[in-house]
């Protein structure tokens, strides 16, 4: 059989089998699994359930990724976040439903968005920062006076800003609301400074995922007499509060 004869025959010209061209002949393989069977056969109910679960988790991780990462320079958060959300699914639920209330959101607390520079390594005071949550706002309070030497910047960085991002995600409509607040510039010298609390209003949306992330922006000068500018270093950032408002 010539090569031209082989290429004129499609792989599925015979119903129920697939044809794989080999050296001068076709290898016939029986088709035992079709898309229709996977979608309708009761034997594949668990597979359909897992597929729906994976699709929902991937979509949710994508929304969080879209809400938190713009302007941070952080990449490759999606695979780690998707994996964590899978682990956070409440296995005690009798039936899976595509709803955020089946996820134990406390699993996301402490999640490091940037695996190349963790917030816990860049800022020693993270565990002493207080977060109060009311129906109207987040209030983030810093130690009354803390030494700037507890912030560990990349090489050549002279100033930093601590920032907070509040995210509200309506999973039904994929609507995202993001608010950011940040401190004044902090000189990274051997001194002590006082920082005012950050107050971030909370959107009144119900049936929504609510996240609060904390991070650091780095500032430096291109030359000794130049102005302070944001650098392009990927920012250390971590989720410090997560929940679902039903």
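The values are calculated or read from the model by the stated rules, or taken from the named source; none is laboratory data. Just so we're clear, the structure is a prediction, and the values are computed from it rather than from any experiment. Every residue, glycine among them, receives a Cβ derived from its backbone with ideal geometry; neighbour counts consider all protein chains shown.
Scanning the range 188-210 for residues that are free of Cβ contacts under 8 Å to residues at least 40 places away in the same chain and in contact with a helix residue (DSSP H, G or I) (Cβ under 6 Å, 6 or more places away or on another chain) yields a count of 0. For the range 102-146, the tally of residues that are surrounded by fewer than 15 Cβ atoms within 10 Å (Cβ to Cβ), modelled with pLDDT under 85 and under 27 Å from residue 208 (Cα atoms) stands at 4.
Filtered by the rule that a residue be part of a helix (DSSP H, G or I) and within 23 Å of residue 90 (Cβ to Cβ), the range 105-135 gives 105, 106, 107, 108. Going by the structure shown, is residue 70 assigned to a loop (DSSP other than H, G, I, E, B), more than 20 Å from the chain's Cα centre (by Cα) and on the phi < 0 side of the Ramachandran plot? It is false that residue 70 is assigned to a loop (DSSP other than H, G, I, E, B), more than 20 Å from the chain's Cα centre (by Cα) and on the phi < 0 side of the Ramachandran plot.
For (1) buried (at least 19 other Cβ atoms within 10 Å of the Cβ); (2) under 16 Å from residue 167 (Cα atoms); (3) at pLDDT 90 or above, each residue gets a yes or a no:
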site	(1), (2), (3)
64	yes, yes, yes
68	yes, yes, yes
78	no, no, yes
86	no, no, no
91	no, no, no
97	no, no, no
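Residue-level check: of (1) without any contact (Cβ under 8 Å) to a residue 24 or more places away in the chain; (2) farther than 25 Å from residue 220 by Cβ, residue 180 misses just (2). Can you tell me which of 193, 186, 202, 216 is under 17 Å from residue 67 (Cβ atoms) and either at pLDDT below 85 or surrounded by 14 or more Cβ atoms within 10 Å (Cβ to Cβ) (or both)? 202 is the lone residue from the list that is under 17 Å from residue 67 (Cβ atoms) and either at pLDDT below 85 or surrounded by 14 or more Cβ atoms within 10 Å (Cβ to Cβ) (or both).
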